[in-house]
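Below you'll find the structure, written out as structure tokens, and then a few comments.
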Number of protein chains: 4
Amino acid sequence: MKRSFASDNNAGVHPRVMKAIVASNDGHVIAYGDDPYTARALEKFHEQLGSDAQVFFVFGGTGANVLGLKAMTQSHHAIICAETAHINVDECGAPEKFTGCKLVPVATSDGKLTIDQIKPLLHDVGFEHHVQPRVISISQATEMGTVYTPREMTSLATFAHAHDMLLHVDGARIANAATSLDVKLRAITRDAGVDVLSFGGAKNGMMYGEAVVFFDKTLAIDFKYKRKQGTHLPSKMRYISAQFEALLTGELWLHNAEHANRMAQLLAQELGKNPQIKITQKVEANGVFAVVPKKYIARLQKKHFFYVWNEQTSEVRLMTSFDTTEDDIADFISLVTRIVK
Amino acid sequence: MKRSFASDNNAGVHPRVMKAIVASNDGHVIAYGDDPYTARALEKFHEQLGSDAQVFFVFGGTGANVLGLKAMTQSHHAIICAETAHINVDECGAPEKFTGCKLVPVATSDGKLTIDQIKPLLHDVGFEHHVQPRVISISQATEMGTVYTPREMTSLATFAHAHDMLLHVDGARIANAATSLDVKLRAITRDAGVDVLSFGGAKNGMMYGEAVVFFDKTLAIDFKYKRKQGTHLPSKMRYISAQFEALLTGELWLHNAEHANRMAQLLAQELGKNPQIKITQKVEANGVFAVVPKKYIARLQKKHFFYVWNEQTSEVRLMTSFDTTEDDIADFISLVTRIVK
Amino acid sequence: MKRSFASDNNAGVHPRVMKAIVASNDGHVIAYGDDPYTARALEKFHEQLGSDAQVFFVFGGTGANVLGLKAMTQSHHAIICAETAHINVDECGAPEKFTGCKLVPVATSDGKLTIDQIKPLLHDVGFEHHVQPRVISISQATEMGTVYTPREMTSLATFAHAHDMLLHVDGARIANAATSLDVKLRAITRDAGVDVLSFGGAKNGMMYGEAVVFFDKTLAIDFKYKRKQGTHLPSKMRYISAQFEALLTGELWLHNAEHANRMAQLLAQELGKNPQIKITQKVEANGVFAVVPKKYIARLQKKHFFYVWNEQTSEVRLMTSFDTTEDDIADFISLVTRIVK
Amino acid sequence: MKRSFASDNNAGVHPRVMKAIVASNDGHVIAYGDDPYTARALEKFHEQLGSDAQVFFVFGGTGANVLGLKAMTQSHHAIICAETAHINVDECGAPEKFTGCKLVPVATSDGKLTIDQIKPLLHDVGFEHHVQPRVISISQATEMGTVYTPREMTSLATFAHAHDMLLHVDGARIANAATSLDVKLRAITRDAGVDVLSFGGAKNGMMYGEAVVFFDKTLAIDFKYKRKQGTHLPSKMRYISAQFEALLTGELWLHNAEHANRMAQLLAQELGKNPQIKITQKVEANGVFAVVPKKYIARLQKKHFFYVWNEQTSEVRLMTSFDTTEDDIADFISLVTRIVK
């Protein structure tokens, strides 16, 4: 069916990933991950992140975030995040329900947390009446299409560790960040001091499946039980593993993300030429945020669906994905040119 | 790889299901279930179970059970189940963690609950010091390879409703039960008075995906939020929906289960001829339980893997699946004949 | 020991309450509330709030809030409250832990929520990705020493009910509000449309004990189990009941609060005369908020202890209680006059 | 009112405890435990249990158990206990709700767990599908009026520690056990290898208040937050502390328990003379269990209330307390003699 700019999870499965799924459908293997597909997929992760990184596959992104956070916290802890964080607004309270923790949201202009915003939240440390900050959770790339630099991440991690806190990364779009920054995955995870990472699959060409990655091994102790109790131990694990193996082979994960990012750049560039449209965020990943006069939106959505981000300001969000084409963008821009004037 | 008798989830994906997955990989569709694949899959369920059955797809079986139970309970309730129930022993405490309820396990000889066993558990009803029985949860087919008759189920449901309780069915193997009894799905679900059903996919030829089905519509109010908060709203829903559509087309779900059941019958029949082996449970679905002298087990497992069910009694469990062949059984029996004498 | 302005819970027990405790220490009575003291205390509540008000005693204020909120919510709900609400900042995340809900804090200047602040929080109603607003929780009197008028409460309740929400009142200081407004308790609870009330004891002359009051009877169904599971069913209930009976006899609860409020007025009036001190909130209950130059604070605290509310702005909080005397205030003001110049 | 044999929590407050409460009602002290009464009460505990024992006061017994268990577990753990344990049957599922853990109940004849009963429960250790045994929780004295010897406790603790488990003691009646065994408190707590103890107050002459005691200091880290989040941080702490100070002064805690135990002995001795009545449990603490012919029970209860423990077997439970008198027993026995013949 027609490609849209609604979301990167409206896209299908990359052909190489699908091929790997089909190829893995061969006879019986032991369930729950004790199989050769999983062994090979883990090996791919170890090549990227070090052989002692602890990697666990789960069904989906909300599960990955919630379980990673559960491994980092006790229920009297607070999790500091941007107000726009997926864990704060798009998971229907799953983090609170499953961890028992309070989320402490911080208003930002661009979806990115800074140390200066976090500092004042620490003044209640040690007082039993107040939740105790334990995790700084950031999204990389952010929900606003922006990206933390390795230096920014390192600063946050250093600050966190200096205050007996941990750094969690919701990496549903970590590939988009890595390619945007043109750095190795290690540079924005392990080497930056990240403690726990949700490594995204479904928004980057997979059918389902995410990975929870621990760089601090002590946090991963007992995680196999947490994953099972958290209802995220897939029985037919091989089909997730085969996807991850395909994604991490020949840098497919980076190519997919690089393409999506490039399409976003192109889209923003063309949109920006229209004097009635204002791009509102830096385009550093695969999302474009723009204010479009309200009266035109419905007509645009009819042919190329996308979501309104903010009704008040008439700001819309346009997402690209691994399968967005230059023609898709040319079509859309041509429509915009006809309508928005 | 080699087929074994370890578990029905060691099997792969049925070719027609895989074909449907591949066919659904076409362009973009709206995420989270607002897509034509999901509409068609729900229609298939409605044909089987009535157009007002409320059906929700989730990633996996433990998720389906836990979320169905959550919709039926408050945290001060008790869930009565067989000691051998999957929810009691194989979900790492997920039901307790997610619902807050106490599970009250009942010892059984065959995995099946009876009203006489449940009655004494109701004597604390109304006293605030004690958890209040609210759900009777049964597995159909049971984890012991046995099956409740429609009459047995109806009795349990009637008893439950007479005591302000609800009947939950873990139907990870509901297809095996339906074909074993040679009844319509309705006869052992809706028409028997079942309130909530986990309808299994992964143990019957699917890759992943289960359905939570509500026959009492009031229980389904707000379930969409519970599913999302429970981390079981798949973003790329179409790939689960396409599988369910394939499974429910041309009675594939019944054919798969009927085949697995027949293979279990054959296996039990042949095994039973060996005077050193004792079949311990009625073979009514796709599992065979048998006492095999301990000294032979390791050698048998080496060629045809299976699990020991009870170390003390040397009882083993042999599971068949949709892809078990008569040759697999002949091979295994031939090995048994050579070894166990 | 010396009286301070630290908190109303630093005060002791009112002599008439203590006398009632001692008098109730007579032989055996049935535990858990089936006793004549409890019957009489409930009768006192019914006189104030109507004979169909459902009243449950618990040990403490955090327990009262958390259990009342639990009775109003499912875990996918959101609880809207002022940023300064006790449930948001002073209960170490107990509401999130016990209800599973997200708290949505709203910044206010005076601790009071308005409908205009709440409206924008409802735009995600009906979308499964987002928590669903279910409860507006207000503190009456607020943590800032301010008080909602009956009209303001009625508006909030009407708004809540029109949007399928409920109104919860943290009434740890409800007596201070009632006397401040010079209205009957009913006017700011039942008649204003409040659904659930925490009626405070410990901050108004009791030793321990609070009451959870339901005006919507359906919310109270099963609350006896929730109280027990919530670890707040006192075994020797009579000693809480005797206190409530004493407090509600001869309007002691109002007299205590009226005195505390009057002392706060006096304190604010005298403090306000000092040109270096700025009163920052209306003094409508028993708290006085004032900016005091930082350099003087430690010396003042040494003789009359109180807490700094905001380190940045050098704002302090001074609380009065039923036993504060005019001499206490004269002493303190005399010290202030000597020191702050 | 009339003393009964219903429960030790139907009794009132010991006069010396009440006197201490009244005496502590003097002016203001800092709330939440930073006061001289609490300092002195903790000192009393340290004298008994060592100066490094970590002691925290809470409102009630269920709270003490639940919070102690929370400090010992993660939600994927199992808590092994006797089927008759208070945590299993009398706390309305509070342990499951608050810890998320599964309770694994063990049937016993006398309320006492043995290592042989626990061993088979460990065969699933290490498998992620199953909850992981982490705590053995025993009641001392048990709910059946029996008592573990120091040797039995030491064995259980040693066994627990050898299997990476911890020993929890519900000591609602620990005083009755200590005096029954005629040993120091240390002998059946710290020196026996106990990790966490609920030290009971309300069943031994206090009005309210229990203590959670940690012998393993690492378990107490962060417990102050758990207590607050668990809604069990009393604001006017001094009134609990004053009670504990009184109870632990002049061995009042032991005298109270010793008296109650002696009354139970006397009661059992006299009852046992009636040929129609059969004492069913060893009388080692302050409870007497006896089978009394059903037809007499209602008439006996009318004058001296007590509870039927088991409707099927017509077994009743008679509890004595610190204020039971020899006359109470003589009266009751005289009634029994008249009625039961």
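The values are calculated or read from the model by the stated rules, or taken from the named source; none is laboratory data. Since the model is a prediction, treat every value here as computed from it, not as a measurement. Quick reminder, even Gly has a Cβ in these numbers, built from the backbone with ideal geometry, and neighbours come from all protein chains shown.
Assorted remarks:
- Test result for residue B:102, among the charged types (D, E, K, R), within 14 Å of chain C (Cβ to nearest Cβ), in contact with a strand residue (DSSP E or B) (Cβ under 8 Å, 6 or more places away or on another chain) and without any contact (Cβ under 8 Å) to a residue 40 or more places away in the chain: yes
- Selection from region C:316-341 of residues that are surrounded by 12 or more Cβ atoms within 10 Å (Cβ to Cβ), among the hydroxyl-bearing types (Ser, Thr, Tyr) and either without any contact (Cβ under 8 Å) to a residue 60 or more places away in the chain or farther than 11 Å from residue C:4 by Cα (or both): C:337
- Being touching a residue at least 24 places away in the same chain (Cβ under 8 Å), within 14 Å of chain C (Cβ to nearest Cβ) and closer than 23 Å to residue D:92 by Cα is a property that does not hold for residue B:68.
- Checked across region C:265-286, the condition of being surrounded by fewer than 23 Cβ atoms within 10 Å (Cβ to Cβ), over 17 Å from the mean Cα position of the chain (by Cα), β-branched (Val, Ile, Thr) and under 30 Å from residue C:43 (Cβ atoms) holds for no residue.
- Any chance residue A:130 is closer than 24 Å to residue D:74 by Cβ and either away from chain C (no Cβ under 14 Å) or in contact with a Pro (Cβ under 7 Å, 6 or more places away or on another chain) (or both): no
- All positions within region C:65-77 that are surrounded by 24 or more Cβ atoms within 10 Å (Cβ to Cβ) and aliphatic (A, V, I, L, M): C:66, C:67, C:69, C:71
- Residue selected from region B:213-264 under the condition outside any helix (DSSP H, G or I) and hydroxyl-bearing (Ser, Thr, Tyr), by the criterion nearest to residue B:325 (Cα to Cα): B:249
- Pairs are defined by a Cβ separation below 9 Å, a sequence spacing of at least 6 or placement on different chains, a first member in region D:21-43 that is within 16 Å of residue C:5 (Cα to Cα), and a second member that is at pLDDT 95 or above and of a type in the set (Asp, Glu); the pairs so defined are D:27/C:323; D:28/C:323; D:29/D:35; D:32/A:128.
- Subset tally (residues that are over 23 Å from residue D:203 (Cα atoms) and in contact with a helix residue (DSSP H, G or I) (Cβ under 6 Å, 6 or more places away or on another chain)) for region D:287-334: 4
- Boolean, residue A:219 is in contact with a Lys or Arg (Cβ under 6 Å, 6 or more places away or on another chain), touching a residue at least 24 places away in the same chain (Cβ under 8 Å) and within 14 Å of chain D (Cβ to nearest Cβ): no
- Boolean, residue D:34 is surrounded by fewer than 22 Cβ atoms within 10 Å (Cβ to Cβ), more than 9 Å from every other protein chain (Cβ to nearest Cβ) and not small (Gly, Ala, Ser): yes
- Some residue of region C:195-210 being farther than 30 Å from residue D:206 by Cβ and in the same structural domain as residue C:36 (by TED's automatic domain parsing): yes
- Region D:12-28, residues that are part of a loop (DSSP other than H, G, I, E, B) and facing chain C (nearest Cβ under 7 Å): D:12, D:13, D:25, D:26, D:27, D:28
- Some residue of region A:42-55 being within 10 Å of another protein chain (Cβ to nearest Cβ) and modelled with pLDDT of 95 or more: no
- Residues that are of a type in the set (A, V, I, L, M, F, W, C), facing another protein chain (nearest Cβ under 9 Å) and surrounded by 18 or more Cβ atoms within 10 Å (Cβ to Cβ), drawn from region A:1-11: A:6, A:11
- Taken over region A:144-163, residues that are out of contact with any strand residue (DSSP E or B) (no Cβ under 8 Å at 6 or more places or on another chain) and either within 14 Å of residue A:78 (Cα to Cα) or buried (at least 23 other Cβ atoms within 10 Å of the Cβ) (or both) amount to 2.
- Selection from region A:223-281 of residues that are within 14 Å of chain D (Cβ to nearest Cβ) and among the hydroxyl-bearing types (Ser, Thr, Tyr): A:225, A:231, A:235
- With respect to (1) modelled with pLDDT of 95 or more; (2) not assigned by TED's automatic domain parsing to the domain that holds residue A:218, the lone exception for residue A:4 is condition (1).
- Within region B:192-212, the set of residues being aliphatic (A, V, I, L, M), assigned to a loop (DSSP other than H, G, I, E, B) and away from chain A (no Cβ under 12 Å) comprises B:192, B:194.
- Taking (1) touching a strand residue (DSSP E or B) at 6+ places or on another chain (Cβ under 9 Å); (2) surrounded by fewer than 23 Cβ atoms within 10 Å (Cβ to Cβ); (3) of a type in the set (S, T, N, Q) in turn, residue C:189 satisfies each apart from (2).
- Taking the listed residues D:176, D:204, the one that is under 13 Å from the mean Cα position of the chain (by Cα), under 22 Å from residue D:67 (Cα atoms) and either touching a residue at least 40 places away in the same chain (Cβ under 8 Å) or buried (at least 19 other Cβ atoms within 10 Å of the Cβ) (or both) is D:204, with no other qualifying.
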